[in-house]
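One structure is given here, and the rest of the page talks about it.
Every number in this text was worked out from the coordinates using simple rules, so none of it is lab data. All figures in this text were calculated on a predicted structure; none of them were measured in a lab. All Cβ positions, even for glycine, are placed from backbone atoms using ideal geometry, and neighbour counts span all protein chains on display.
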């Protein structure tokens, strides 16, 4: 089964509140984006957004230039259906992030879902190259990933855990750290998953 088939199967067979990442109020993500103090017309892309509720909250807060990218067409279809008429206010992209070819520059790149599934150096390198190309100079990157105290697998797939130091090191070629915190996510099954959330700024430093 390909990676795309895996995720299409997940979203075709499980309801929104039957997956561990279900989060009707993505408070940590919203707090990080709020702290960046970006304008309401800023270009924001949510990587691996799937049927996440982040887009709902961003629309409610008045953001007008939102893109949601996910490898699963089924996940995006569910989000569109939930949003109803508001779905036309969002740009929807079906793609593996490592193969994504941006057609515009973004002010903010948000990812709570995809990065920790990249387990090889090649995948990580491809991801960083795409994000660097996609972000404007000085653009902000917000990543939520499993910490070293978090799970070792998600949705049956192996993941890569990070500490503040290791994540900062991986991103240091193009991004400088703004802030990092550790936070617990409680799944619908009452299990605790520890996340590392960090914000970064794109720089010209090499």
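Counting only helical runs of four or more DSSP H residues, what would the 222 nm mean residue ellipticity of the chain come to if each run contributes -39,500 (n - 2.57) and the total is spread over all its residues?
On the way: 6 runs with 60 residues, N = 206.
The helix contribution divided over the chain gives -8500 deg cm²/dmol.
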**Q.** Hydrodynamic radius of the chain per Kirkwood, over alpha carbon pairs, in Å
**A.** 17.1 Å
Q: Sticking with the crude label model, points 7 Å out along Cα→Cβ, report the distance from residue 166 to residue 105 in nm, one decimal please.
A: 3.4 nm
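Given the Cα atoms of segment 89-174, and with Rh set as the inverse mean 1/r over their pairs in the Kirkwood sense, what is Rg to Rh to two decimals?
Numbers: Rg = 13.3 Å, Rh = 13.8 Å.
Across segment 89-174, the Cα-based Rg/Rh ratio is 0.96.
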Q. For the chain, modelled as a GNM with alpha-carbon contacts under 10 angstrom, which of 67, 183, 120 fluctuates the most?
A. 120
Q. What is the distance, in nm, between label points placed 7 Å from the Cα along the Cα-to-Cβ direction at residue 157 and at residue 2?
A. 1.3 nm
Q: Determine, for 10, 68, the number of other Cβ atoms within 10 Å of each Cβ, and report the residues in order from fewest to most.
A: 10, 68
Q.
Can you say what percent of the DSSP beta bridges in the chain, counting only those with both residues inside, are antiparallel? Round to 5.
A. 50 percent
Q: Please order 85, 164, 35, 122 by the number of other Cβ within 10 Å, starting at the fewest.
A: 85, 122, 35, 164
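How would 185, 116, 6, 110 line up from fewest to most surrounding beta-carbon atoms within 10 angstrom? Don't skip to the answer; put the middle values down first.
On the way: 185 19, 116 26, 6 15, 110 29.
Least to most surrounded, the residues fall as 6, 185, 116, 110.
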Q. After finding the eigenvalues of the alpha carbon gyration tensor for segment 38-83, what semi-axes result from the square roots of 5 times each, listed largest first in whole Å?
A. 19, 11, 7
Q. Working out 0.36 nm times the residue gap between residue 177 and residue 203, then minus their Cα-Cα distance, what length gain in nm do you get to one decimal?
A. 8.3 nm
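Can you run the Rg to Rh ratio on segment 1-59? Use alpha carbon positions and the Kirkwood inverse-distance Rh. Write down the numbers at each step before the final one.
Numbers: Rg = 13.9 Å, Rh = 13.3 Å.
We get a ratio of 1.05 for segment 1-59.
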